[in-house]
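Written out below as structure tokens is the structure these notes cover.
The values are calculated or read from the model by the stated rules, or taken from the named source; none is laboratory data. The shown structure was predicted, so the numbers you read here are calculated from the model rather than taken from an experiment. All Cβ positions, even for glycine, are placed from backbone atoms using ideal geometry, and neighbour counts span all protein chains on display. To get the accessible areas, we keep the full protein, side chains included, count just its heavy atoms, and leave off ligands, DNA and RNA. Shrake-Rupley method; radii C 1.70, N 1.55, O 1.52, S 1.80 Å.
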Amino acid sequence: MSFTAAAKVFILFGDPVAHSLSPVMQNAALQAAGIDGLYIPWRVQSTDLPTAFESIRRMENFGGANVTIPHKEQAFTLVDTLTPEAAAVGAINTVVSKDGRLLGANTDGPGFIRSLHEGADFLPRGKPVVILGAGGAARAVAVSLAGAGAAPIVIINRTAERAQSLTEFIHGTIGATALGLGLDDPRTPTSVRDCALVVNTTSVGLHPTDPSPIDPHLLQPGVVVYDLIYRPRETALLREAKRRGCRVVGGLGMLLYQGALAFELWTGIEPSEAAMRQALVTAVA
Ligand code: ATR
């Protein structure tokens, strides 16, 4: 990687941030595009995020930023304007500097929809889908699936109240048909058996010894099973789903495409996805 003293600086805000693959991926994209710039992690606590955002407003060579756990919702309140997607989700993962103002965007949902299409040839319109989990990642996925016309959207979560509140949000903002259930709700097995897509947004699977977040016997052949987790590349959910004849997609594509969309918003240039993918695959291996 090479850059000069005139380099643009791109920043990833998070806490923790050391695990992130965005620096390796975005620096590969900058290099492939011949941009004099560098992408650095900035570990910052929530209480200091407003000050950090004041700093990027004053930084003459600020190129753009990403925001990751746990700052996506707070960062939403610290920018001047929002893209419609970000406004719908209520959280941002990308900051763009435009004429001295900060624009907040959310490329997680569009990145997910694109990788779903490319990884499994899946178009959500009119299809019944199940989302496992009801946190921040589930919200971005639910908004994007609702926007793409999936119906009904069933959100299944360990804590039923969280599933219901996300359901109300999706229904209220986008008008989607949605149902929120607890893991042990008697309607949960039928919802999984009858759906065309299952998306895991929970953290179950991050540890190699984690079980599947849902009873794998419920997965029917031909169903698309998507796990947002990208490390390990094959979670218990994906392994079990594959054995049952499901089409499986891991989270690396979403990571790649949300990053590619962010890069394009910052620079106006389509990045080399081949260079980004190569950097990711090497890092994950
Ligand atoms: P993120 O922003 O990445 O989505 P989050 O908001 O902390 O993170 O949400 C994590 C999700 O994983 C939640 O849906 C959580 O369920 P609860 O709402 O009941 O906490 C789910 N989750 C985490 N650990 C889990 C476990 N061991 N079993 C089932 N669900 C789990």
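So which residues in the stretch 103-115 are out of contact with any strand residue (DSSP E or B) (no Cβ under 6 Å at 6 or more places or on another chain) and open to solvent by less than 60 Å² (accessible area, probe 1.4 Å), if there are any at all? Give the steps one after another, and end with the answer.
Taking the stretch 103-115 first, the residues out of contact with any strand residue (DSSP E or B) (no Cβ under 6 Å at 6 or more places or on another chain) are 106, 108-115.
Residues satisfying the conditions are N106, D108, G109, P110, G111, F112, I113, S115.
Given the stretch 210-285, what helices (runs of 4 or more DSSP H) lie entirely inside it while holding 3 or more residues that are farther than 19 Å from I131 by Cα? Show your work before the answer.
On the way: elements: 236-243, 252-267, 273-284.
Fully inside the stretch 210-285 and qualifying: 252-267, 273-284.
Would you check which residues across the stretch 25-40 are surrounded by 18 or more Cβ atoms within 10 Å (Cβ to Cβ) and touching a Leu at 6+ places or on another chain (Cβ under 9 Å) and list them?
Residues satisfying the conditions are M25, Q26, N27, A28, L30, G37, L38, Y39.
Scan the stretch 108-135 and report the pairs whose first residue is over 15 Å from A150 (Cβ atoms) and whose second residue is small (G, A, S), with Cβ atoms within less than 7 Å and a gap of 6+ or a chain change.
D108/A140; S115/G253; E118/G253; G119/G253; A134/A163
Being under 13 Å from the mean Cα position of the chain (by Cα) and outside the structural domain of L166 (by TED's automatic domain parsing) narrows it down to one of A142, A86, so name that one.
Values: A142 fails: outside the structural domain of L166 (by TED's automatic domain parsing).
Step by step, each of A142, A86 is checked, and only A86 is under 13 Å from the mean Cα position of the chain (by Cα) and outside the structural domain of L166 (by TED's automatic domain parsing).
To keep it simple, each residue is scored yes or no on (1) touching a strand residue (DSSP E or B) at 6+ places or on another chain (Cβ under 9 Å); (2) open to solvent by less than 10 Å² (accessible area, probe 1.4 Å).
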| site | (1), (2) |
| --- | --- |
| A86 | yes, yes |
| R101 | yes, no |
| A120 | yes, yes |
| G136 | no, no |
| G147 | no, no |
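Kindly provide the set of residues from the stretch 163-181 that are open to solvent by less than 20 Å² (accessible area, probe 1.4 Å) and within 15 Å of the ligand (Cβ to nearest atom), ordered by number.
First pass over the stretch 163-181, keeping only residues open to solvent by less than 20 Å² (accessible area, probe 1.4 Å): 163, 166-167, 170, 176, 180-181.
A163, L166, T167, I170, G180, L181, listed by residue number.
Across the stretch 192-229, what is the total count of residues that are surrounded by 18 or more Cβ atoms within 10 Å (Cβ to Cβ) and within 16 Å of the ligand (Cβ to nearest atom)?
Of the stretch 192-229, the ones surrounded by 18 or more Cβ atoms within 10 Å (Cβ to Cβ) are 192, 195, 197-202, 204-205, 212-214, 216, 218-219, 223-229.
Remaining after also requiring within 16 Å of the ligand (Cβ to nearest atom): 192, 198-202, 204-205, 212-214, 216, 218, 226-229.
Of the residues in the stretch 192-229, 17 are surrounded by 18 or more Cβ atoms within 10 Å (Cβ to Cβ) and within 16 Å of the ligand (Cβ to nearest atom).
Could you list, in sequence order, all residues of the stretch 149-162 that are within 9 Å of the ligand (Cβ to nearest atom) and either outside the structural domain of C195 (by TED's automatic domain parsing) or open to solvent by 50 Å² or more (accessible area, probe 1.4 Å) (or both)?
Result: R158, T159, E161, R162.
Of the residues in the stretch 135-171, how many are in contact with a Lys or Arg (Cβ under 6 Å, 6 or more places away or on another chain) and closer than 15 Å to D184 by Cα?
0
Scan the stretch 65-84 residue by residue and report those that are surrounded by fewer than 17 Cβ atoms within 10 Å (Cβ to Cβ) and either touching a Phe, Trp or Tyr at 6+ places or on another chain (Cβ under 7 Å) or within 25 Å of N27 (Cα to Cα) (or both).
I69, P70
The conditions are (1) open to solvent by less than 30 Å² (accessible area, probe 1.4 Å); (2) assigned to a loop (DSSP other than H, G, I, E, B); (3) within 16 Å of the ligand (Cβ to nearest atom), and D184 fails exactly one of them. Which is it?
Only one criterion is unmet by D184, namely (1).
Residue by residue, here is whether (1) away from the ligand (no atom under 15 Å from the Cβ); (2) modelled with pLDDT under 95; (3) in a loop (DSSP other than H, G, I, E, B) holds:
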{"site": "N66", "(1), (2), (3)": "no, no, no"}
{"site": "Q74", "(1), (2), (3)": "no, no, no"}
{"site": "L102", "(1), (2), (3)": "yes, no, no"}
{"site": "V130", "(1), (2), (3)": "no, no, no"}
{"site": "A137", "(1), (2), (3)": "no, yes, no"}
